[in-house]
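The block underneath contains the structure these notes are about, expressed in structure tokens.
Bear in mind that the values in this text are calculations on the coordinates, not laboratory data. If you're wondering where the values come from, they're calculated on a predicted model, not measured in any experiment. Using ideal geometry, Cβ is built from the backbone for each residue, glycine included, and neighbour counts are taken over all protein chains shown.
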Amino acid sequence: MSEDEFQEALKKQPLVNIGTSGHVDHGKTTLIEALTGVWASRHSEELKRGITLKIGYADTAIYKCPKCPPPQAYYTSATMPKDGKCKYCGSPLEFVRKVSFIDVPGHEMLMSIMLAGAALMDGALLVVDATKECPQPQTREHFTALSIIGVRNLVIVQNKVDVVSKERALESYNEIKKFIAGTWAENAPIVPVSALHKANIDALVWAIEEYIPTPRRDFSKPPRMFVIRSFDVNKPGTNAKDLVGGVLGGTIVQGRFEVGHEIEIRPGIKIKKDGQEVYEPVYTTITSLKTGDQPLEKAYPGGLVAVGTTLDPSVTKADNLIGNVVGYPGTLPPTLYDLEIEVNLLERVVGLDKPMKVEPVRAGEILMVNVGTALSIGAVTSVRDNVAHMKLKIPVVAETGTRVAISRQLAGKWRLIGYGFVK
Ligand SMILES: Nc1nc2c(ncn2[C@@H]2O[C@H](COP(=O)(O)OP(=O)(O)OP(=O)(O)O)[C@@H](O)[C@H]2O)c(=O)[nH]1
Ligand SMILES: [Mg+2]
Ligand SMILES: [Mg+2]
Ligand SMILES: [Zn+2]
């Protein structure tokens, strides 16, 4: 990738994904709103119930005052004055970079969605409610998920400091310090904020600038995108000649896509063949690319990219293609119905109120696997040493060495128990 191409791309599209993580109701979505001005939980069911159910996206740009010291120097499109000038010294603010936030649910029933989101994160914010003892079960479980998936750029956000005493704020800080002591996140910054009152957000932006850099990716690798959403964007009753093809929403994880190129989507759609249900890859052409409202000729890793296609919209409607992998024809890993994984179990199940020992994997049990944004369950057919064979209900697209998160149902809920690598 040339420096010019990187700089050019940087102006048009966020090239870094910053995820949220943390226990339910600790203020992840409120924090993203404070940073971006966007409420990322927009689905009607989410609005009704006040909890995040799906992966949410919100983009913003970071700006900096050339004269003021940090943290006052730091702004986002949502926090900067309308005239684009520093509110302390009046200097015109300088554009730093675009960033995309990926918001995940904290509810214990939605761990699989968090894992799908985590597969896309270049860095993360771990949101901790200062009014609650730390760690809460999904604080632990999300932190473990970041550890497993290999997210290493972390900023810890101590939220809701508007409703705690100074003593409690200090106690909460010490709980967080103790929680991360001896882990890879030991030196992560802890930034106290009130997401609700948008207090100390400049210090958080500063920490993001210091600790979550935009990764320099190799754009020349064969392009690959993980699908997170798929839609039929036509209004009911549209004339057949005006129909627009199916749209895929996802995050590019390597390479770049260009308008006009042919793509393959795997595992594709379920069909019946000789009385058996199988998945067949789908082939189509990219008719448009967009990030936010910005049309693109080329799309790069980072943020949510909408890919227009020539597919019949009935194929993409209602998130039908979630978890699929997109690439140029012939470049994708194989579709696997049988999975052989080298299993690494956690010592403890961390997502429960009381952590408990992880029992070994047994033949015959049902496990859940997350591979990229794909999710499948399957029965373990055999276990030898630390290698487990599984028969999957829905096939996954993965090559040797692909990282897999493994969950087991405990007390009726899927809990993260370990990770593995595809053999
Ligand atoms: N007092 C106070 N309340 C906050 C703050 N941030 C969030 N809240 C409140 O906490 C509740 C939960 O906030 P959300 O942003 O929905 O929390 P979340 O972590 O996104 O929740 P899930 O996505 O369901 O896990 C809401 O009632 C918010 O208004 C804060 O800084 N101070
Ligand atoms: Mg939320
Ligand atoms: Mg909530
Ligand atoms: Zn200034």
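Working out 0.36 nm times the residue gap between V233 and K11, then minus their Cα-Cα distance, what length gain in nm do you get to one decimal?
77.2 nm
Using +1 on the beta carbon of Lys and Arg, -1 on that of Asp and Glu, and nothing else charged, what's the dipole of region 159-285 about the Cα centre, debye to 20? Can you show the working numbers first?
Details: 18 positive and 17 negative charges, 35 e Å.
For region 159-285, the charge dipole is close to 160 debye.
Classify region 224-327 as rounded, prolate or oblate, taking a ≥ b ≥ c as the square roots of the eigenvalues of its Cα gyration tensor: rounded when a/c is under 1.5, otherwise prolate if a/b is larger than b/c and oblate if not.
Oblate shape, in that a/c is at least 1.5 and b/c is the bigger or equal ratio.
Considering amide H positions built from the backbone, and no H for Pro or chain starts, which residues 5 or more places from Q409, or on another chain, come under 5 Å of its amide H?
The answer is R415.
When ranked by the protection proxy of mean other Cβ atoms within 10 Å per residue, highest first, what sequence do the peptides 295-307, 405-417, 4-16 form?
Top of the packing list down: 295-307, 405-417, 4-16.
Compare the Cα positions of I113, A405, W184 along the charge dipole of the chain (+1 at Cβ of Lys, Arg; -1 at Cβ of Asp, Glu; about the Cα centre) and return the one farthest towards the positive end.
It is I113.
Assign one of three labels to the chain, namely rounded, prolate or oblate, based on the Cα gyration tensor with a ≥ b ≥ c the square roots of its eigenvalues; rounded applies when a/c is under 1.5, prolate when it is not and a/b is larger than b/c, and oblate otherwise.
Cα axes put the chain in the oblate bin.
Modelled label-to-label distance, L410 and I190, 7 Å Cα→beta-carbon offset: nm?
With each label point 7 Å from Cα toward Cβ, the separation is 2.6 nm.
How do the peptides 136-147, 156-167, 248-259 rank, highest first, by the average count of neighbouring beta carbon atoms within 10 Å per residue?
Details: 136-147: 23.6, 156-167: 18.8, 248-259: 21.1.
Averaged packing, sorted descending, gives the order 136-147, 248-259, 156-167.
Using per-residue counts of other Cβ atoms within 10 Å, averaged over each peptide, order 98-110, 221-233 from highest down.
Final packing ranking: 98-110, 221-233.
Can you check what the Kirkwood hydrodynamic radius comes to for region 17-211, Cα pairs only, in Å to one decimal?
Taking every pair of different Cα atoms in region 17-211, averaging 1/r and inverting gives 16.8 Å.
Any chance you could check the Cα centroid distance between region 51-129 and region 340-392 for me, in angstrom?
Centre-to-centre (Cα) distance: 34 Å.
Among K54/K178; K12/K54; K166/K198; K54/K357; K11/K54; K98/K132, which pairs are too far apart, with a Cα-Cα distance over 21 Å?
K54/K178; K12/K54; K54/K357; K11/K54; K98/K132
Would you pull out the residues with amide H under 5 Å of G106's amide H, same chain only if 5 or more places away, H placed 1.01 Å from N?
Placed amide hydrogens put D25, T52 under 5 Å from G106.
Go through region 351-365 residue by residue and turn each phi into a ³J(HN,Hα) via Karplus (6.51, -1.76, 1.60, θ = phi - 60°); whole Hz please, and just put x for glycine and proline.
x, 9, 4, 10, x, 9, 4, 8, 6, x, 6, 10, 4, x, 7
Which whole-Hz couplings ³J(HN,Hα) result when phi for each residue of region 227-241 is put into the Karplus expression 6.51 cos²θ - 1.76 cosθ + 1.60, θ = phi - 60°, listed in order with x for Gly and Pro?
7, 10, 9, 8, 9, 10, 8, 7, 6, x, x, 5, 4, 3, 6
Pick out, from V326, P281, T291, the residue whose Cα sits farthest towards the positive end of the charge dipole of region 264-350, with +1 on the Cβ of Lys and Arg and -1 on the Cβ of Asp and Glu.
The residue sitting farthest along the positive end of the dipole is T291.
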